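Everything below concerns the one structure shown next.
The values are calculated or read from the model by the stated rules, or taken from the named source; none is laboratory data. Note that the structure is predicted; figures quoted are calculated from it, not measured. Here the Cβ positions follow ideal geometry from the backbone for every residue, glycine too, while neighbour counts run over all protein chains shown.
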There are 2 protein chains.
Amino acid sequence: MAGNGLVRFFFILVPIGALLAILFAGYFYKKISRFSEGTEEMKEIAEAIRVGARAYLRRQYRGVAIFFAVMFVILLVLGFAGGGSLGSLFVPLAFVTGGFCSGLAGFIGMTTATMANSRTANAARKSLDDGLRVAFQSGAVMGLIVVGLGLLALSGWYFLLAALGKSLPEISTVLLNFGMGASAMALFARVGGGIYTKAADVGADLVGKVEAGIPEDDPRNPAVIADNVGDNVGDVAGMGADLYESYVGAIVAAAILGFSAFSGDLAVKGFLLPFLLAAFGILASIIGAFFVRVKEGEDQVLLKALRRGVNVAAVIMVIASYFGVRLLLGVEHIRVFVAIIGGLLAGVIIGRLSEYYTSAEYKPTKQVAETAATGPATVIIDGLSVGMLSTVFPVVVVAAVIFISYYYTGGGNFQLGLYGIAISAVGMLSTLGITLATDAYGPVADNAGGIAEMAGLPSEVRSRTDALDSLGNTTAATGKGFAIGSAALTALALIATYTQQVQSIDPSFQFDLSLTNPQVLIGLLIGGMLPFIFCSLTMKAVGRAAQKIVVEVRRQFKEIAGLMEGKAKPDYARSVDICAQAAQVEMIVPTLIAILAPIIVGLLLGVNAVTGLLAGSTVVGFTMAVMMANAGGSWDNAKKYIEEGNLGGKGSEAHKAAVVGDTVGDPFKDTSGPSLNILIKLVSMVSLVFAAFILANSLANLF
Amino acid sequence: MAGNGLVRFFFILVPIGALLAILFAGYFYKKISRFSEGTEEMKEIAEAIRVGARAYLRRQYRGVAIFFAVMFVILLVLGFAGGGSLGSLFVPLAFVTGGFCSGLAGFIGMTTATMANSRTANAARKSLDDGLRVAFQSGAVMGLIVVGLGLLALSGWYFLLAALGKSLPEISTVLLNFGMGASAMALFARVGGGIYTKAADVGADLVGKVEAGIPEDDPRNPAVIADNVGDNVGDVAGMGADLYESYVGAIVAAAILGFSAFSGDLAVKGFLLPFLLAAFGILASIIGAFFVRVKEGEDQVLLKALRRGVNVAAVIMVIASYFGVRLLLGVEHIRVFVAIIGGLLAGVIIGRLSEYYTSAEYKPTKQVAETAATGPATVIIDGLSVGMLSTVFPVVVVAAVIFISYYYTGGGNFQLGLYGIAISAVGMLSTLGITLATDAYGPVADNAGGIAEMAGLPSEVRSRTDALDSLGNTTAATGKGFAIGSAALTALALIATYTQQVQSIDPSFQFDLSLTNPQVLIGLLIGGMLPFIFCSLTMKAVGRAAQKIVVEVRRQFKEIAGLMEGKAKPDYARSVDICAQAAQVEMIVPTLIAILAPIIVGLLLGVNAVTGLLAGSTVVGFTMAVMMANAGGSWDNAKKYIEEGNLGGKGSEAHKAAVVGDTVGDPFKDTSGPSLNILIKLVSMVSLVFAAFILANSLANLF
């Protein structure tokens, strides 16, 4: 299929990169497993978390399996109804494998995290560096597994179908279905995990901290294990599935647009480039990972260590992608390189902006903390205000990337411009192997702190795990920047992909995507409303689930004699079970809405309206995701800032007010906000996959 | 200019209707003034409120005058630079008169309200019916003045320019500038008034209720007069200016689209129809107003009385508009009538939906109240969730109106379809004379309650004013439904008007408004971000201003000896002054952003991006306005529900939590939320007025 030796070499480089990522993930996993789990008590706690987390994932996957089975049948029927051949079997299969791989990435990440948490706590008994190394390596396993599995599955499908003689457009359709499967799984994981983790967290805090007055992570709290399980199923497995779908979605969208942006030999190369960039990114990430180390005692050394790793990877990526573009597309298309750099830079800038708005070192969050003096209402108002204001620059940055990618890289060529936008998202995500490592490291450190507390380790250990944890909050801001920024760019690229898909299915179809077309306006309005419903449902779900935990924890405090005196043990498993059940039930409706909305709008109002819906949900979803992430982060850190002894410190009225802010922020930043990133892409993916069905059956054909 | 006698008759009917409205406003004003102001104490308090309110408006108008003077010069220079003749003088003049009339409507409404508040309290000493009559008539003055002044000014400009031989397109341009002036003034009034009223309210509550533990409206609270002044400058003058611009904007947009939707004689008739509908609406409102009366003792009788008036007006309007359309446009265009009905119905439905989500009689707000049991955080989460969910049906209703107006009324004709959308907004607002009366009556009743409390009137009077006040909250929900719904439809119509304006300025310009055009996408993103910045700034402004009041009230409590014992009087004027100053300063930046954003985006990225910006701000602004209004209303009523003795009643922990929700809701529902309605139209108006300037000077001409 490929024209020359270099292209063939590059094609083979892709699965090699993927395998290397998996290999190194295994290597890091091995390294972690050699560390000791610590005392008997630590082992026991870690085991409880592990069991709870596995039990939840099992339950979640069982529920999701039904959904995937139904969708498999639907896609199969649609394929055959559309005059499909045996080839139509690949479409539903790809969908299912997409979901499977996304779930697998989350599962492996979580298994590693639940193995690493006690080891991190134990290593922190020795030194800060040891703690960091274990936690970071656990994050690296996750990061590398996500990119490795992503690239491996995509290239596996590619080689299989190419070997069967399928054309690139046919392969693209299959890859899209793979992407849709990954997105659907990611949404389930994010929503379910997000509800789980925040229900446990809020429930544990409301009764434990506020009512009973016992500290966080106190072993007497019956929801404490559920809380720690939540960190793993939400922040690790959920995030893994989330970024898996971002990664896959960005690559597939860029590949498809690349194929149509060029003609002849170059078309295949345009298709290949995003895969190649991903492979380069893996190598850069692996090298970068080895630069993360730290000497005890240096100031701010942890953050520097992590940044060093990320920066090394970024520099390698810049150089590699320059040569990649030059060799693959030729020097006349070197402007594509600028789009890649734009994406990489934008990810970094959006992350830094999040840091500015959410870190207590800067003015906005300090002010949120100060408003706590006048009570919870002013904290809420100020936090919302910070979150809303924080949308400005990310929007400007994304707008700038679009502008540069389209006008400079595209140079007036419409198709090439769209490719530029898509490839900038790939550029942003290319070093995901290491950026995700610095992000996924956070929950491990958080859990390690919890284990240290529950196992009664000495205070210097706890202060080391605290240092690791607080750093995790900063890197999480950066990670969120990448997740949000890439989601916006990918979603925009998917809108373009959608219109091309429709056009390729029915070349005679006349799009009218003008903003003066009422179908488009209606689509925009409905699309703009989707994030609102979605956030409403997920936030309410957290509230409902937390309520159940509150009732259960209160019951245990009352009924289990000697619990408060530490003479009896609470029934941890019961809280774990309640959270799991609630999350399982509550994740269904929001996900179904995301899947059904574009289909229903399409059936009623046609593909113009669907395109409007995609644009509306992207604009609102993007701004709201930024708002919620940053408001939530700001409240969280304002509370921590007060807990550090500022403005009255722990136990003061200001602290109580800040706790209210933090509690509101929990579903903002860990449930609803991050789910929006997936929502806006899943809606696009569903639209793409059902485009032929909508075109044939829409009522819009009648008017 | 007009073709036949009927058209001429209808043209003359318009100013006659306007004058009738003003006449009846004067009649109601006279009737109110005959009532007694009550005891000396009541007179004194009413006078203090009156003085404070006037002082604020004077200050506001002085500040705004500078803005209008600058804009006058800019518009004049632009007019002459664009090769204008003496006729160019009309454009800046129209702009200034638009601002003046909007301000005047607010001023008259407020003067009436501050005159009626003590009279309402005094009348309530006699009977509920008397209280209702005074309060409602005060609202009617406001409602009729808004529609009367609106229609009079528009038709005044029309007749003047027509007499000078100007063409309808030239007249349209002048009317647009009038509309922009009204919008700019409205935004100043809404933002300034909204900041004033909530700063005073929040500030008074935070220290008085929460810290000092004295009841609301207690005369010992130094901010109590400022609080009452705030009701007048925010909820009366602000709302008057707001709905004035809605009314004018809807009529002008529909008139312009009407002129291009038809050809020949019919074009003038299409232009005339919205004016005629407005005139019919005035007659319907006046008749309806006489149906508002009540007998003491009947249950739920107040709401019925108000609804009777509104319903009578609506029925008259339906009949009149049927004949109006039939006589003016002919039976072949009778489908335009359907758009009018659609608009009227949509306004009612959106209002009822608001009622459902915000009234404690229904499940959503009851649940918000119940979550108060677990503290402020859950109240906030649940209220936000209710607000977000409440966007669903208003979006569906507006989408349905767009669909019906465009496809049924337009019948496949693009221009006629757009006209249908615009005329549905006029239909929704046609009976504004009476719907605004039922809305503006609320703050008067609220103030009357305050005066009754401060003057120590017996408890049965207070319970009557409470009944009036609580009804006011329900009708306010309906009023907000009309304001939001009409804003969305008008903003959408203005987008279409904008594209036509650009096309008429430069017929060779090729629009590319497709959602795949990056300029459009960037515009959408920036437009979608505008409501976020806007709400952030206005909410923060409320917080800052409230902070100043908190400091001042605390100071007075501390420094004025004998204040708490009721032996000394607080320095009310000082709090009034602080609020006024803060509001004056804080209203500038948000308003300037609204005005500058479309100009800057236009200069950098051209008119395609501006159109995207308009669509983005409309979609986000509309959904966010609904969300904020309903979340705020729900928190407010949840608190009241608890205060009525449910879930622990006043003073319980649940009540404290609900107060936090209410305090967060205050800027939501009375500052940021309602300002969004103006924002989305002002942005369109500015774009329209500066279209020629942007077309000539945009950097987009280079790429």
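Condition check ((1) under 22 Å from residue A:278 (Cβ atoms); (2) in contact (Cβ under 8 Å) with a residue 40 or more places away in the chain; (3) under 17 Å from the mean Cα position of the chain (by Cα); (4) not in a helix (DSSP H, G or I)) across all residues:
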| position | (1), (2), (3), (4) |
| --- | --- |
| A:76 | no, no, no, no |
| A:91 | no, yes, no, no |
| A:97 | yes, yes, no, no |
| A:106 | yes, yes, yes, no |
| A:114 | no, yes, no, no |
| A:144 | yes, yes, yes, no |
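The single condition from (1) under 19 Å from residue B:596 (Cβ atoms); (2) assigned to a loop (DSSP other than H, G, I, E, B) that residue B:530 fails is (2). Taken together, A:482, A:509 contain a single residue that is surrounded by fewer than 24 Cβ atoms within 10 Å (Cβ to Cβ), at pLDDT below 95 and out of contact with any Lys or Arg (no Cβ under 8 Å at 6 or more places or on another chain), which is A:509.
Which ones in the stretch B:379-395 are of a type in the set (Val, Ile, Thr) and free of Cβ contacts under 8 Å to residues at least 24 places away in the same chain? Quick ask: steps written out before the conclusion?
Kept after step one, since they are of a type in the set (Val, Ile, Thr), are these residues of the stretch B:379-395: B:379-381, B:386, B:391-392, B:395.
Once the filter is applied, which keeps residues that are of a type in the set (Val, Ile, Thr) and free of Cβ contacts under 8 Å to residues at least 24 places away in the same chain, the stretch B:379-395 yields B:381, B:392.
Each residue in the stretch A:364-403 was checked for being under 29 Å from residue A:422 (Cβ atoms) and either in contact with a Leu (Cβ under 7 Å, 6 or more places away or on another chain) or not in a helix (DSSP H, G or I) (or both), and 9 of them qualify.
Candidates in the stretch B:542-563 are the residues that are within 9 Å of chain A (Cβ to nearest Cβ) and of a type in the set (Gly, Ala, Ser); of these, the one that is farthest from residue B:617 (Cα to Cα) is B:546.
Among the residues of the stretch A:397-425, those that are within 30 Å of residue B:537 (Cα to Cα) and within 8 Å of another protein chain (Cβ to nearest Cβ) comprise A:398, A:399, A:402, A:403.
Name the residues in the stretch B:335-369 that are over 22 Å from the mean Cα position of the chain (by Cα) and touching a residue at least 12 places away in the same chain (Cβ under 8 Å), would you?
Filtering the stretch B:335-369 for residues over 22 Å from the mean Cα position of the chain (by Cα) gives B:335-339, B:360-369.
Matches in the stretch B:335-369: B:335, B:336, B:337, B:338, B:339, B:360, B:364, B:365, B:366, B:367, B:368, B:369.
Applying the set (1) in contact (Cβ under 8 Å) with a residue 60 or more places away in the chain; (2) among the charged types (D, E, K, R); (3) surrounded by fewer than 24 Cβ atoms within 10 Å (Cβ to Cβ) to residue B:307 leaves exactly one unmet item: (1).
The set of residues in the stretch A:639-667 that are in contact with an Asp or Glu (Cβ under 8 Å, 6 or more places away or on another chain) and under 16 Å from residue A:361 (Cβ atoms) comprises A:639, A:647. Scanning the stretch B:326-357 for residues that are touching a Lys or Arg at 6+ places or on another chain (Cβ under 9 Å) and part of a helix (DSSP H, G or I) yields B:328, B:329, B:333, B:337, B:350, B:351, B:354, B:356.
Could you tell me whether the stretch A:580-591 includes any residue that is charged (D, E, K, R), away from every other protein chain (no Cβ under 14 Å), part of a helix (DSSP H, G or I) and touching a residue at least 60 places away in the same chain (Cβ under 8 Å)? Checked the stretch A:580-591: no residue is charged (D, E, K, R), away from every other protein chain (no Cβ under 14 Å), part of a helix (DSSP H, G or I) and touching a residue at least 60 places away in the same chain (Cβ under 8 Å).
Across the stretch A:166-211, what is the number of residues that are within 14 Å of chain B (Cβ to nearest Cβ) and of a type outside the set (Asp, Glu)? Break it down into steps so the answer makes sense when it comes.
Kept after step one, since they are within 14 Å of chain B (Cβ to nearest Cβ), are these residues of the stretch A:166-211: A:194-195, A:198-199, A:201-211.
If we keep only those that are of a type outside the set (Asp, Glu) too, we end up with A:194-195, A:198-199, A:202-204, A:206-210.
Of the residues in the stretch A:166-211, 12 are within 14 Å of chain B (Cβ to nearest Cβ) and of a type outside the set (Asp, Glu).
In the stretch A:34-56, the residues that are crowded, with 19+ Cβ neighbours inside 10 Å reach residues that are outside any helix (DSSP H, G or I) with C-beta atoms within less than 9 angstrom, at least six apart or across chains, in these pairs: A:38/A:455; A:38/A:457; A:42/A:455; A:42/A:457; A:45/A:219; A:45/A:455; A:46/A:37; A:46/A:38.
Can you name the residue in the stretch A:465-517 that is among the aromatic types (Phe, Trp, Tyr) and away from chain B (no Cβ under 11 Å) and, of all such residues, is nearest to the chain's Cα centre (by Cα)? Among residues in the stretch A:465-517 that are among the aromatic types (Phe, Trp, Tyr) and away from chain B (no Cβ under 11 Å), the one nearest to the chain's Cα centre (by Cα) is A:482. Screening the candidates A:284, A:253, A:267, A:279 for the property of being farther than 24 Å from residue A:24 by Cβ and crowded, with 24+ Cβ neighbours inside 10 Å yields one hit, A:253. Test residue A:260 against the criterion of being within 20 Å of residue A:333 (Cα to Cα), in contact with a helix residue (DSSP H, G or I) (Cβ under 9 Å, 6 or more places away or on another chain), among the hydroxyl-bearing types (Ser, Thr, Tyr) and modelled with pLDDT under 95, and give yes or no. Here the answer is yes, as residue A:260 does meet what is asked. Evaluating residue A:389 against the criteria (1) farther than 19 Å from residue B:530 by Cα; (2) at the interface with chain B (Cβ under 9 Å from one of its Cβ atoms); (3) not β-branched (Val, Ile, Thr) leaves one unmet condition, (1). The requirement of being in contact with a helix residue (DSSP H, G or I) (Cβ under 7 Å, 6 or more places away or on another chain), at pLDDT 90 or above and aliphatic (A, V, I, L, M) is satisfied by residue B:116. Filtered by the rule that a residue be under 29 Å from residue A:626 (Cβ atoms) and in contact with a Leu (Cβ under 6 Å, 6 or more places away or on another chain), the stretch A:532-559 gives A:534, A:536.
The helices (runs of 4 or more DSSP H) found entirely in the stretch A:624-703 that carry 1 or more residues being within 12 Å of chain B (Cβ to nearest Cβ), surrounded by fewer than 24 Cβ atoms within 10 Å (Cβ to Cβ) and not basic (Lys, Arg) are A:653-667. What pairs come up if the first residue lies in the stretch A:12-24 and is in a helix (DSSP H, G or I), the second is among the hydroxyl-bearing types (Ser, Thr, Tyr), and their beta carbons are under 6 Å apart, counting only those six or more places apart or on different chains? That search, which allows pairs on different chains as well, returns A:14/A:155; A:15/A:155.
Please work out if residue B:436 is modelled with pLDDT of 95 or more and either under 30 Å from residue B:566 (Cα atoms) or part of a helix (DSSP H, G or I) (or both). Outline the logic, then answer.
On the way: modelled with pLDDT of 95 or more: no; either under 30 Å from residue B:566 (Cα atoms) or part of a helix (DSSP H, G or I) (or both): yes.
So residue B:436 fails the test.
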